[in-house]
4 protein chains.
Amino acid sequence: MKHTAQIRVRYAETDQMKFAHHSNYIVWFEYARIELLRRYGFDYGQMEKDGFLLPVLEVGVSYLKPAFFDDLLRIEARVAGIPRSSFKIEYKVFNETGEMICDGYSRHAFMNKVNKAIKPPKNFIKAVKENI
Amino acid sequence: MKHTAQIRVRYAETDQMKFAHHSNYIVWFEYARIELLRRYGFDYGQMEKDGFLLPVLEVGVSYLKPAFFDDLLRIEARVAGIPRSSFKIEYKVFNETGEMICDGYSRHAFMNKVNKAIKPPKNFIKAVKENI
Amino acid sequence: MKHTAQIRVRYAETDQMKFAHHSNYIVWFEYARIELLRRYGFDYGQMEKDGFLLPVLEVGVSYLKPAFFDDLLRIEARVAGIPRSSFKIEYKVFNETGEMICDGYSRHAFMNKVNKAIKPPKNFIKAVKENI
Amino acid sequence: MKHTAQIRVRYAETDQMKFAHHSNYIVWFEYARIELLRRYGFDYGQMEKDGFLLPVLEVGVSYLKPAFFDDLLRIEARVAGIPRSSFKIEYKVFNETGEMICDGYSRHAFMNKVNKAIKPPKNFIKAVKENI
């Protein structure tokens, strides 16, 4: 299962090269990730209240083409493989003409409220397995 | 008492007008405010752990001249008046040639960990009174 | 005429107080302002290419209640009065339960590509007058 | 040659997990990269005016430990290898107790003002070779 989130590039996100600054993709990935979790039936805000935090262990991003002010971008996100002690989410960003302008990934662990690594909740693994 | 903090304008803080985006001044004010508190003997991180939070009630900013990438800015901050249920901090931003490019203020209340308004701690009022 | 833009509070926009950081409202105001201009028939990206820039002269924000992660906010924006050498836009932010959590304004001038103040374009004044 | 830049974690950079949000490291890497270029004798702002832009092709980040509000971080940056059509910069982030909390890299190309890839300026290659 993949989910596609939509982002309008904000003026504040541009830089003096007239590109969307490269740090914003990390924020957009996160936005797409949270929408993907919602699609799986998980409200990330509630997950945190329930004691399941998802810190980021790694990110990797390849910038293929720039994005510009006011572009309406589509961000595809999908879980790559079965979650174990950590899991990976992959992202592809497309512009309005359908070109892929960026792809990347993030790797996450589950952590409890006192910052200790914990196993992924069973219903999370189940939801991913059933909707791969 | 006033405190002067220094900020180097980051590339990520520029926008396609080639100006430092106007939202960053709010972040720089905060940075200068925390340095001002440190100057008064208050470590804001510790204050929060001790149950004194300082949410922002109001901000006002006048942008007089733009700031540019890599500019080294000086931000003067000072408490305006004696803290009561709320208190005001004033800021002036200067560029390297000494021009004032921005002035503004923020107004704050003291709040406890469950988001209730509380009186300012006595040693905070005392420190401000003694160093006005 | 007013326009209502919608914003989902991003995780990256939260701070350790668990509030949406107060600097983000400035970015959201800008987002709502650009959507308001679009509603008036003006594409701000195109305006800049045509040599009409809209730098910010002033902002003022009153924070009434906090916004939280994942909140879906509505931001009302409207031009206040007839644009002269400068003009003012007012904003009100509402949360999902309909409470107004923030109000504010920004003041803008028109500027050309070499950073000189210019008169507002006639069709802009006309559009505002006709849709007040 | 490596250069060490210093960063104080801003309140605005924290998130509700009470960590410095992971997107900020990308901004800090950029800050350290610009200081590294300065160390090599290159003022990045001037380079852009001279028609040499350095867009980011790739970034990769491993988050080893969180950073917290007000932490004073050291960011080591160094060019990895001899610049060819693209070049790589590596970063290591240390906290105040000397622990490495993050490492990562960015890959860059040289681009002219009309967004075409160009060769690195000869004096840049020379400076890197002489100071490896």
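Data table
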| item | result |
| --- | --- |
| Position A:SER85, label points 7 Å along Cα→Cβ, spacing to each other copy in nm (shortest first, one decimal) | 4.0, 5.4, 6.7 |
| Farthest positive-ward along the range C:1-124 dipole, Cα basis, beta-carbon charges - from C:PHE29, C:MET100, C:ILE82 | C:ILE82 |
| FRET efficiency for A:ALA80 and C:LYS2, using Cβ-Cβ distance with R0 set to 41 Å, rounded to 0.05 | 0.40 |
| In Hz, Karplus ³J(HN,Hα) per residue of the range A:94-104 (6.51, -1.76, 1.60; θ = phi - 60°; x = Gly, Pro) | 10, 8, 5, 8, x, 6, 7, 9, 6, 9, x |
| Chain B - mean residue ellipticity at 222 nm from DSSP helices (-39,500 (n - 2.57) per run, n ≥ 4, rounded to 500) | -7000 deg cm²/dmol |
| For the range D:2-130, size of Cβ-based charge dipole, Lys and Arg +1, Asp and Glu -1, in debye | 700 |
| Cβ-placed point charges (K, R +1; D, E -1), dipole of the protein assembly as shown about Cα centre in debye, nearest 20 | 0 |
| Euclidean distance between Cα centres, the range A:51-68 to the range C:75-132, Å | 35 |
| Relative contact order [Cα under 8 Å, 6+ residues apart], chain B, whole percent | 29 |
| Net +/- balance of residues flanking D:ALA80 in space, Cβ distance below 14 Å, scoring K and R +1, D and E -1 | +4 |
| Exposure proxy ranking, count of Cβ atoms within 10 Å, fewest first, for B:MET17, A:MET1 | A:MET1, B:MET17 |
| Neighbour net charge for A:LEU64 - beta-carbon separation under 13 angstrom, K R +1, D E -1 | 0 |
| Global form of the protein assembly as shown, assessed from the alpha-carbon gyration tensor, a/c cut-off 1.5 | rounded |
| Per-copy distances of the A:ILE118 label point, shortest first, in nm (7 angstrom along Cα→Cβ) | 2.8, 5.5, 5.9 |
| Packing-based exposure ordering (other Cβ within 10 Å, fewest first) of A:VAL93, A:VAL9, C:VAL79 | A:VAL9, C:VAL79, A:VAL93 |
| Greater than 19 Å apart at Cα, pairs in C:LYS2/C:LYS88; A:LYS113/C:LYS65; B:LYS113/C:LYS65; A:LYS122/C:LYS18; A:LYS2/C:LYS18; C:LYS2/C:LYS126 | A:LYS113/C:LYS65; A:LYS122/C:LYS18; A:LYS2/C:LYS18 |
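Computed from the coordinates by the stated procedures, all read-outs in this text should not be read as laboratory data. This one's a predicted model, so the numbers in the text were calculated from it and none came from an experiment. Cβ: placed from backbone, ideal geometry, glycine included. Neighbour counts: every protein chain shown.
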